[in-house]
Amino acid sequence: MNDLNGLMEQAPDLIMTYGIKLIFAIIIFIVGKYFSNLARKITVKLLKKRKIDDTVVSFVGNISWALVFTLTIIATLGQIGVQTASLVAVVGAAGLAVGLALQGSLANFAAGVLMVLFKPCRVGNYIDAAGVSGTVDEITIFSTRLLTPDNKVVVVPNAAIMSGSITNYSAMDTRRVDLVIGVSYDADIKQAKQILCDILENNQYVLKDPAYTVAVSELADSSVNFVVRPWVKTGDYWGAYFELTETIKLALDEAGIGIPYPQMDVYVKETPAA
């Protein structure tokens with residue numbers, strides 16, 4: 001009876017103490033939930049301004065919301081007297097376990113975010129990365145889809161692409177075609193050079209600016225080698241390459257200028273019979 005009377009006497013103080021804590025806990029929860037949503041909205045807005053893929057925007061926005069909301073729950077429980085140290089340890093251990101289990105996927109995700117942010121390549125670019133060459137067809141948060149020139153589909157993890165060098169053949173508007181043309185030592189070098197220059201001057205793909213280069217680069221074992229380096233629009237590269245190669249061969253043949261090729265002369269020496 002005395003214990004009950006004592007409890008009744010302490011009730012107003014207990015209600016006052018824990019009531020205030022409960023009110024503050026509710027306020028912390030409401031404010032924290034508001035800031036969780038605000039963090040997601042701000043993150044989404046900032047990422048969309050940078051024209052980042054919607055999938056990445058949604059994923060990162062949800063992560064920012066989850067982080068702030070988790071801190072809100074911990075702060076709310078701490079306000080009403082729950083020991084949160086063990087809870088933080090459990091959450092940290094769970095996060096570590098999930099991170100270790102998904103470290104490959106997380107690495108690909110992080111690389112995908114970096115690719116979207118820094119744009120080393122875009123959809124439609126022809127690139128060489130992770131030992132694969134092809135046209136970028138799609139960039140997702142975990143992998144990049146490439147189409148090879150023979151129309152194969154290759155899916156490359158983003159981490160593999162970002163961990164090495166990326167050669168982007170489509171990044172610039174113009175590209176240089178590098179050809180090495182060898183003529184025989186008996187040929188008239190000036191005539192051969194003039195023929196090469198005339199071909200470049202009249203070719204539909206070759207640009208006037210930057211200027212092309214035609215020059216003797218090497219006196220090789222069996223030929224005098226010219227470097228032929230015209231500039232073309234990036235989209236015209238292979239058309240220019242194939243057309244110039246054929247046109248040069250036909251023009252040199254017509255002028256009677258030989259193009260040396262590897263050959264072996266065999267001499268048979270007869271030995272008189274004994």
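Points worth noting:
- For S165, the conditions (1) of a type in the set (S, T, Y); (2) out of contact with any strand residue (DSSP E or B) (no Cβ under 7 Å at 6 or more places or on another chain); (3) modelled with pLDDT of 95 or more are fulfilled apart from (3).
- Whether a residue is more than 27 Å from V232 (Cβ to Cβ) and not aromatic (F, W, Y) was assessed, and S184 passes this test.
- Among all positions in region 45-55, there is at least one residue which is farther than 28 Å from A160 by Cβ, part of a helix (DSSP H, G or I) and at pLDDT 85 or above.
- Matching strands (runs of 3 or more DSSP E) fully within region 171-274 where at least 1 residues are at pLDDT 95 or above and farther than 30 Å from R122 by Cα: 179-183, 213-219, 224-229
- Residue identified as among the polar types (S, T, N, Q) and in the same structural domain as G131 (by TED's automatic domain parsing) among S184, S222, S217, S163: S163
The values are calculated or read from the model by the stated rules, or taken from the named source; none is laboratory data. Keep in mind that what you see is a predicted model, and the values were worked out from it rather than measured. Cβ: placed from backbone, ideal geometry, glycine included. Neighbour counts: every protein chain shown.
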